[in-house]
1. Using unit Cβ charges (K, R positive; D, E negative) and no other charged atoms, how large, in debye to the nearest 20, is the dipole of the chain about its Cα centre?
2. Averaged per residue, what accessible area in Å² does region 1-100 show with a 1.4 Å probe, protein chains only?
3. Express in whole angstrom the spacing between the alpha-carbon centres of region 71-111 and region 22-69.
4. Put +1 on the Cβ of every Lys and Arg and -1 on every Asp and Glu Cβ in the chain; which of H46, V65, P17 then has its Cα farthest towards the positive end of the dipole?
5. Take the Cα coordinates of the chain, assign each an equal point scatterer, and use the Debye formula without solvent to give log10 I(q)/I(0) at q = 0.14, 0.15, 0.22 Å⁻¹.
6. Can you give me the long-range amide H partners of F67? Hydrogens built in the peptide plane at 1.01 Å from N, cutoff under 5 Å, separation of 5 or more residues or another chain.
7. Starting at the first residue of region 64-70, write each ³J(HN,Hα) from the Karplus equation 6.51 cos²θ - 1.76 cosθ + 1.60 with θ = phi - 60°, in whole Hz, x for Gly and Pro.
8. Normalised by the residues of region 49-108, what does the relative contact order come to in percent, with Cα pairs under 8 Å and at least six apart?
Amino acid sequence: MDWYGITDVGALLPDAPDPHDPFVTFLGGDPADRPRLAAAASPVSHARSPAPPFLLVHGTHDTLVPFEHSERLAGLLRATGNQAELAAVPGAEHIFLNADVAPLVARSVAFLARHLRRPTADRTAGIRPVAQ
């Protein structure tokens, strides 16, 4: 589950980063000098099958992390045969400052309940407990 996360580090790199820029700190140097590391830190670089189900929740008017980050990751996950739900929050800014989060929390809890439920006997048949 991802709420308005950065999915492509390279897409957010400034033209001339300040030494105190979070990306400089995160990557250990100027991102322009570390494109492979920036790609490795980007979820879009790892969208392949198999992957767990994803729920991406993102405001359509996010000025810190553009909505296109979640759109792109969802598209890549779906293109590789994975399940990806994209919940667009119309008009919402980063951290949903101008949105009602109660329905987003409810949708997130339902998503987790659906995908993290306890295995049934059918799904655990043939699995032996680990000896301690």
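The values are calculated or read from the model by the stated rules, or taken from the named source; none is laboratory data. Since the model is a prediction, treat every value here as computed from it, not as a measurement. As a convention, Cβ positions derive from the backbone with ideal geometry for all residues, glycine included, and neighbour counts pool all protein chains shown. Calculation scope for accessible area: heavy atoms of the full protein, side chains included, ligands and nucleic acids excluded. Shrake-Rupley method; radii C 1.70, N 1.55, O 1.52, S 1.80 Å.
1. About 1060 debye.
2. Per residue, region 1-100 has an accessible area of 56 Å².
3. Cα centroid of region 71-111 versus Cα centroid of region 22-69: 16 Å apart.
4. Final value for the positive-end residue is H46.
5. -0.77, -0.84, -1.26
6. D62
7. Values per residue, Gly and Pro as x: 8, 10, x, 3, 4, 4, 5 Hz.
8. For region 49-108, the relative contact order is 42 percent.
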